[in-house]
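Novice: Please see the structure below; I have some questions.
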Amino acid sequence: MPDKNNIVFLDGQFIAMSEAKISPMDRGFLFGDGIYEVVPSYDAKLVGFGPHIERMQNGLNAIGIKLDLGVDDWRDIAQTLIEKNGKGNLGLYFHVSRGADVKRFHAYPDNIQPTVFAYAFEIPAATKADKSTVKQYKVASTQDLRWKRCQIKSTSLLGNVMHFQQGQEAGVHETILYNEHNELTEASACNVFIVKDEVVITPPLDNQILPGITRNMLLDILRKYGTLQVEERVINMNEVNAADELWLTSSSKDIAPVVELDGQPVGNGSVGDIWQLAQSLYCANKYNY
Ligand code: PLP
């Protein structure tokens, strides 16, 4: 019997993870030719489901994968995975690859059937707006050496993997990245925000960053319900180094406060008041998306 945490979805069927098999000629395996999403769910309540599926559809359109699944189909898959794997704190992973070809050739045939895989995995409990219990992050910075299409949530993640691994080997939690002009882009698996003089600032959307759902929800929440000034603009790394607060955002982390950058304290080296305010607004409103 499969244990309760490993019923997965593969190409239309719910099966045990141990029975889920794909072809070695799958272009996801050979080329990283696919798109993915991760949606958080807390006690069966999904966060940002519509925006996540919209981003996945944008990614599929960008790389020319045609798939006949709409938001309601994805929601059904998500709900079935939640039912079959137990409620609790889950990340729902959705993965669409271009599918299996008969040969390894860079160009893809027209009539290829996409491979659709989804599974649920345990994630930490939702972050609380509590300075005394929140995980405090340490990060290092390095030049962003990934490709120039970072707005696509591609399964080709080797560039991100290498940057993340670099951080792990340096004993920090994440690696934040800057371009050849010394401007902040994002982190290997998160978006980045700084706070200076109570202004919340994050880089603008372009090809250098993923349009993070947490980023977009947080900006919307701060603008609608907050009193803080919010800016989307280019940020030089000198500003990052001089910031009062530094945050990472992602679906599995909410807003994660960074207290150390390249071995130096961020601001006064402790979790900031603006983080507390932003995280509490985020907690109060995140299920509305
Ligand atoms: N940037 C990168 C490179 C990521 O991989 C992720 C999440 O996986 C994010 C940003 C944050 O995106 P989201 O808030 O949609 O999880």
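Novice: Please give the number of the condition Thr214 fails out of (1) under 16 Å from Trp275 (Cα atoms); (2) of a type in the set (Val, Ile, Thr); (3) more than 10 Å from the ligand (Cβ to nearest atom).
Specialist: Just one mismatch for Thr214, condition (3).
Novice: Given the criterion more than 19 Å from the chain's Cα centre (by Cα) and assigned by TED's automatic domain parsing to the domain that holds Leu184, identify the matching residue among Leu277, Leu246, Leu218.
Specialist: So the residue among Leu277, Leu246, Leu218 that is more than 19 Å from the chain's Cα centre (by Cα) and assigned by TED's automatic domain parsing to the domain that holds Leu184 is Leu277.
Novice: With the condition kept exactly as written, say whether any residue in the stretch 129-151 is under 14 Å from the mean Cα position of the chain (by Cα), modelled with pLDDT of 95 or more and buried (at least 18 other Cβ atoms within 10 Å of the Cβ).
Specialist: yes
Conditions (1) over 30 Å from Asn179 (Cβ atoms); (2) touching a Pro at 6+ places or on another chain (Cβ under 9 Å), marked per residue:
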position	(1), (2)
Arg98	no, yes
Asp101	yes, yes
Ile112	yes, no
Val116	yes, no
Lys131	yes, yes
Val134	no, yes
Lys138	no, no
Gln143	no, no
Lys148	no, no
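Novice: Could I ask something else about it? Filter the stretch 257-289 down to the residues that are within 17 Å of Val199 (Cα to Cα) and in contact with a strand residue (DSSP E or B) (Cβ under 7 Å, 6 or more places away or on another chain) and list them by number.
Specialist: Pro257, Val258, Val266, Gly267, Val271, Gly272, Ile274, Trp275, Ala278, Gln279, Tyr282
Novice: Find the strands (runs of 3 or more DSSP E) located wholly in the stretch 127-222 whose residues include 2 or more that are more than 30 Å from Gln57 (Cα to Cα), and list them.
Specialist: Strands (runs of 3 or more DSSP E) meeting the threshold: 137-143, 191-196.
Novice: Where residues in the stretch 223-249 are at pLDDT 95 or above and β-branched (Val, Ile, Thr), which of them is farthest from Gly272 (Cα to Cα)?
Specialist: Val234
Novice: Turning to a different aspect of this structure: Would you check which residues across the stretch 139-161 are of a type in the set (A, V, I, L, M), more than 24 Å from Asn238 (Cα to Cα) and more than 10 Å from the ligand (Cβ to nearest atom) and list them?
Specialist: The answer is Ile152, Leu158, Val161.
Novice: Could you pull out the residue among Val71, Val102, Val96 that is under 19 Å from the mean Cα position of the chain (by Cα), touching a residue at least 60 places away in the same chain (Cβ under 8 Å) and farther than 30 Å from Gly267 by Cβ?
Specialist: None of the other options fit; the residue is Val96.
Novice: A further question on this structure: Please state which one of Gly32, Gly88, Gly48, Gly70 is surrounded by fewer than 20 Cβ atoms within 10 Å (Cβ to Cβ) and farther than 30 Å from Ala107 by Cα.
Specialist: Gly88
Novice: In addition: Hand me the list of helices (runs of 4 or more DSSP H) wholly inside the stretch 26-85 holding 1 or more residues that are hydroxyl-bearing (Ser, Thr, Tyr) and either more than 16 Å from the ligand (Cβ to nearest atom) or farther than 27 Å from Gly159 by Cβ (or both).
Specialist: Where helices (runs of 4 or more DSSP H) fall fully within the stretch 26-85 and carry at least 1 residues being hydroxyl-bearing (Ser, Thr, Tyr) and either more than 16 Å from the ligand (Cβ to nearest atom) or farther than 27 Å from Gly159 by Cβ (or both), they are 71-85.
Novice: Taking the stretch 241-250, which residues are surrounded by fewer than 23 Cβ atoms within 10 Å (Cβ to Cβ) and either assigned to a helix (DSSP H, G or I) or among the hydroxyl-bearing types (Ser, Thr, Tyr) (or both)?
Specialist: Asn241, Ser250
The values are calculated or read from the model by the stated rules, or taken from the named source; none is laboratory data. On a predicted model such as this, the values are computed, not experimentally measured, just so you know. Heads up, the Cβs are rebuilt from the backbone with ideal geometry, glycines too, and the neighbour counts pull from every protein chain shown.
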